[in-house]
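Below you'll find the structure, written out as structure tokens, and then a few comments.
The values are calculated or read from the model by the stated rules, or taken from the named source; none is laboratory data. This is a predicted model, so every value here is computed, not measured. Using ideal geometry, Cβ is built from the backbone for each residue, glycine included, and neighbour counts are taken over all protein chains shown. Surface areas here come from the heavy atoms of the whole protein model, side chains and all, with no ligands, DNA or RNA. Shrake-Rupley method; radii C 1.70, N 1.55, O 1.52, S 1.80 Å.
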Protein chains: 2
Amino acid sequence: MTTLSPSGPAAGQRKVRRATMNDVARLAGVSIKTVSRVVNDEPGVHPSTAERVLAAIDQLGFRRNLSARNLRRGSSTGTIGLVLEDVGNPFYSGVTRAVEEIARLRGRQVISGSSDEDPGRERELALEFCSRRVDGLLIVPAGLQHSYLVPEMRAGTPVVFLDRPAGDVVADTVLVDNIGGTVEAVTHLAAHGHRRIAFLGDAPDIFTANERLRGYREGCVRAGIGYHEELVAMGPHDESTVVTTLQRLQSMRDPATAIVAGNNRITVHILRALAGVAEKPALVGFDDFELADLLSPPVTVIAHDASALGKAATDLLFARLDGDNSPPRRVVLPVRLVPRGSGEVHA
Amino acid sequence: MTTLSPSGPAAGQRKVRRATMNDVARLAGVSIKTVSRVVNDEPGVHPSTAERVLAAIDQLGFRRNLSARNLRRGSSTGTIGLVLEDVGNPFYSGVTRAVEEIARLRGRQVISGSSDEDPGRERELALEFCSRRVDGLLIVPAGLQHSYLVPEMRAGTPVVFLDRPAGDVVADTVLVDNIGGTVEAVTHLAAHGHRRIAFLGDAPDIFTANERLRGYREGCVRAGIGYHEELVAMGPHDESTVVTTLQRLQSMRDPATAIVAGNNRITVHILRALAGVAEKPALVGFDDFELADLLSPPVTVIAHDASALGKAATDLLFARLDGDNSPPRRVVLPVRLVPRGSGEVHA
DNA sequence: GGCCACTATGACAACGTTGTCCCCCAGCGG
DNA sequence: CCGCTGGGGGACAACGTTGTCATAGTGGCC
């Protein structure tokens, strides 16, 4: 068993220069090109030579320098850039997982970053990835301007937007059926007798928030219960704004008996705010979340699969990398209402 | 508003060569070195010249090629490699988020990948990152052999292991107090009168699972209730193995009245298995999780902060990058029992 | 025995950038 | 008018790798 202790051979000298193919070549008594051939499994190297080279590689701890390789080869860096809103959000970490999975099957490494809904940060991340010459870019847009990506798109770097559309470029986009989902949520609640249905959504400049609001409105109209401004509260929301909003909704002349929550974070805030309350309003949340089925009552949600979203976007990206140059596509993934109990509560 | 449509200037030619500093130099009528100076904000360029260069950069959509830059400069690639078990697990996505945060403050990009508890995959990812010449490496070990990293450590690349220790190298490590946590869990349950306390843990070759088992055993001994083999079930666990295990524990001569769950996934499996059951055993789970407080009964847990873990590890890594070459450190982060109700249930 | 085909290997340039060193020229003092 | 200074800018090599082409040796065939 090899144990590198601090008093071992590494001590004393802080930085040892990394071995290069040149060093390996010298040690093995061959030319650098032969080393390259061995490292890349190219044919035409005598087995005994290869063995000497491998021994030298092992002895020196050589690792091929991918920066140099990518520079020389010019083509693929074997990386995919992923810009999302927040890896910490389970929804996006699910997306990340799916992207990673597929990228792995296709021999690509994912580099990712969180924009935190900041358009400047999104741009910064995306451009950083471009400088690293990623083979493709997956972006959950924070902003509405994406013309900064025009040079990359011209250069043939595929870009796929997910969860939200791009602002001012025409590009592949994978969305979920936000409108259909909230329409269904409202319809479901109305079918259970609710006529005063509130909507708590995220900041309206976020595409999904706005779409879901539209769906809510359309659902209200279709259900014949009308759209009432005072039942809507758009974000940004946090623990305390949700509490005050709920108080307002309860203390109205004609109080809300049901709530549609615009995303998983808002749903959780609502659940927490209602924790002590005996008479809970009915609730349907957009986004499914773990344990929703184990709460009491279990939470009815509009479910859509994070990994399906990630997969669809990544598949599309790889199709482009494989040479598909048909016109940009817009994919809308279906959502489904999962009735669990909270949306069927009677007022 | 610039809109790049498929029939726009990009159509027809599929791949356009990316502009280089050379192209920019030619267009601006300067030498390539001057372009470099402008791009890197080096002094000694006349404002009017800089302006011409910037215009050319903009016109050509030039982005500096980081592969070439890193190759030439040799020093830092501005990246940190993160190998974890599964980004999809909220615990690790919390870690990821914290790492990303700090890396960002220090001007580094994170590249990450999931090992899925596969030592081979862990190694593959880590070596891939090494080939990309990351400035540092954060690893949640899946395997027990890490001597493959000796060359990198010799070359001065700092490596920090987190959540679990490395197998056969001495290196910085950040852990949580697994033993203390399970001791506390058992103590807590025993204090509430439980004498038949079961332990469901992950596969015993996983460091944390093993440590937690040790803590469980020690807790049993200290509480004077003895360690009983038949109350222990080590994983891997899934939905169905948990169900059968629980049945076994219930149908014993002297059934278990309380359970300690070895991690968040197991806790969730148990909760789901017990969902319909009226007489639930007491439960304390290792790892906190969102909504634990909203279940009924709310779930008592051994909490430890994913972001604290990520932060501690990343801080340590950056300290090394800043030149700290004191002997390898082992940091153990405290855990705390969060009593919420499920651990106080009486049999 | 001369020529060819083929295998194993090497020399060299090039990828895009930056560090080093050098040059040109305007301005200024003597 | 000469030499010196300093700002602005360029030529060139080098980073570590790989693609292209060349070459030495070996064995077979007419």
How many residues of segment A:66-89 are surrounded by fewer than 20 Cβ atoms within 10 Å (Cβ to Cβ) and facing chain B (nearest Cβ under 8 Å)? The answer is 3
Residue hits (segment B:227-278; over 27 Å from the mean Cα position of the chain (by Cα) and of a type in the set (Asp, Glu)) are B:GLU229, B:GLU230, B:ASP254
Residues in segment A:20-56 that are within 7 Å of DNA strand C (Cβ to nearest atom), touching a residue at least 12 places away in the same chain (Cβ under 8 Å) and polar (S, T, N, Q) total 2
Going through segment A:188-216 in order, the residues found to be under 18 Å from A:GLY343 (Cα atoms) and open to solvent by 70 Å² or more (accessible area, probe 1.4 Å) are A:ALA191, A:ARG195
All-but-one check, A:ARG17 against (1) in contact (Cβ under 8 Å) with a residue 12 or more places away in the chain; (2) away from DNA strand C (no atom under 12 Å from the Cβ), failing number (1)
If we keep only residues of segment B:236-276 that are outside any helix (DSSP H, G or I) and within 12 Å of chain A (Cβ to nearest Cβ), then the residue farthest from A:ARG340 (Cα to Cα) is B:LEU274
Conditions (1) among the β-branched types (Val, Ile, Thr); (2) buried (at least 17 other Cβ atoms within 10 Å of the Cβ); (3) away from every other protein chain (no Cβ under 11 Å) -> A:ILE32 fails only (2)
Considering residues that are assigned to a helix (DSSP H, G or I) and in contact with a Pro (Cβ under 6 Å, 6 or more places away or on another chain), the number found within segment A:90-148 is 1
Among (1) surrounded by fewer than 16 Cβ atoms within 10 Å (Cβ to Cβ); (2) under 23 Å from the mean Cα position of the chain (by Cα), B:GLY224 falls short only on (2)
